[in-house]
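The values are calculated or read from the model by the stated rules, or taken from the named source; none is laboratory data. Quick caveat: nothing in here was measured; it's all calculated off a predicted structure. Glycine gets a Cβ as well: all are built from the backbone with ideal geometry, and neighbour counts include every protein chain shown.
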Amino acid sequence: MVPFSYYIDKFLNYLVIEKNYSSHTVTNYKIDLKELEGFLANHGPKDIKEIDYFTLRKFLSALSEKNLNKRTVSRKISTFKSFFKFMVREAEIKNNPASSLIYPRLEKNLPVFLTESQVVNILNLPKDDTMLNLRDKSILEVLYSTGARVSELANLKINDVDLISAIIKVMGKGRKERLLPIGEPAILCLKKYLDKRTDKNPSLFINKNNGRLTDRGIRLVVNKYMRQAAMNLNVSPHTFRHSFATHLLNRGADLRSVQELLGHSSIATTQIYTHLTIDTLKKVYDKAHPRA
């Protein structure tokens, strides 16, 4: 009998080679499938051909005891649907046992974003012209100027930045490249930062030991200045991305352009940013309502 791990490896190789998925996405798929494998070793059938809808329901019921949030459960269901669909395609099984699994109903939470004045306040926090302070200021400026993801920022090389044309090249989800315009304040800050560097590391953002700054390192930088700004919001580097999109739309950018800048494959993902701040709504009300 073929072990379940063989099928997991086969599927993960497919995601990397044929689908060109990012390492982060592949890791999440692996975590979900390894968790299922562990469950099957103790409670389920050992042969993949014997796994049915009820086996997967039993596994999901076991997960509910761990009080996982709905988004995590939804991701696992999505993993199983994709995995078993691939197994059917490869003729390893006849039917997809996950096809009838129902996603939990998710609450539509609006993304947290900063006001323009809050962003300016944070961007002005790094003061001294030391290499690390200039790096920190560059990180904050580039996050807000481009709307890039943290992972995209962490993987940037110096050669990916064209300061003359004001363009940076990022590698997004699905390893899709896209070009992003970058504003003058971010360009000026990057020039100062790069002029201070004396190392040979090709990475754009480095740590104090001249190694590449990781996703986690960037998050720590952002959290540091959030604390300095005395903000009690649930703010992360992704909040700059939310703020970038919200401010563009509030100032008249069209949804399709914002979709391209964010690298969303579907415009439906971008539409969550069409919420408006209360200040914008008040201005519209005051201008348009006869009894305002």
Worksheet item: Can you name the number of the only condition in (1) in contact with a helix residue (DSSP H, G or I) (Cβ under 9 Å, 6 or more places away or on another chain); (2) of a type outside the set (Ser, Thr, Tyr); (3) surrounded by fewer than 15 Cβ atoms within 10 Å (Cβ to Cβ) that residue 209 fails?
Response: (1)
Worksheet item: For the range 1-24, how many residues meet the condition of being of a type outside the set (Val, Ile, Thr) and either at pLDDT 95 or above or not in a loop (DSSP other than H, G, I, E, B) (or both)?
Response: 13
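If you take the residues of the range 89-133 that are closer than 30 Å to residue 227 by Cα and of a type in the set (Asp, Glu), which of them is surrounded by the most Cβ atoms within 10 Å (Cβ to Cβ)? First the steps, then the outcome.
Applying the first criterion (closer than 30 Å to residue 227 by Cα) to the range 89-133 yields 107-133.
Narrowing the set further to residues that are of a type in the set (Asp, Glu) leaves 107, 116, 128-129.
Values: 107: 6, 116: 15, 128: 9, 129: 12.
The extreme case among them is 116.
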Item to complete: Might you let me know whether the range 178-188 holds any residue that is among the acidic types (Asp, Glu) and under 22 Å from the mean Cα position of the chain (by Cα)?
Response: no
Item to complete: Exactly one condition in (1) part of a helix (DSSP H, G or I); (2) among the hydrophobic types (A, V, I, L, M, F, W, C); (3) within 19 Å of the chain's Cα centre (by Cα); (4) at pLDDT 90 or above is not met by residue 170; state its number.
Response: (1)
Response to the item:
residue 156: passes all of (1) in contact with a strand residue (DSSP E or B) (Cβ under 6 Å, 6 or more places away or on another chain); (2) touching a residue at least 24 places away in the same chain (Cβ under 8 Å) but (1)
Practice prompt. Give the residues of the range 9-38 that are under 19 Å from residue 72 (Cβ atoms) and in contact (Cβ under 8 Å) with a residue 40 or more places away in the chain, sorted by residue number.
Written response: 21, 22, 24, 25, 28, 29, 32, 33, 35, 36
Worksheet, complete the sentence: Among residues of the range 180-206 being of a type in the set (A, V, I, L, M), in a helix (DSSP H, G or I) and in contact (Cβ under 8 Å) with a residue 24 or more places away in the chain, the residue surrounded by the fewest Cβ atoms within 10 Å (Cβ to Cβ) is 194
Worksheet item: If residue 73 passes every condition in (1) touching a residue at least 24 places away in the same chain (Cβ under 8 Å); (2) within 19 Å of residue 8 (Cβ to Cβ); (3) surrounded by 17 or more Cβ atoms within 10 Å (Cβ to Cβ) but one, which one does it miss?
Response: (2)
Discussion item. Just the residues that are touching a Pro at 6+ places or on another chain (Cβ under 7 Å) and not hydroxyl-bearing (Ser, Thr, Tyr), please, taken from the range 1-56.
Written reply: 51, 52, 56
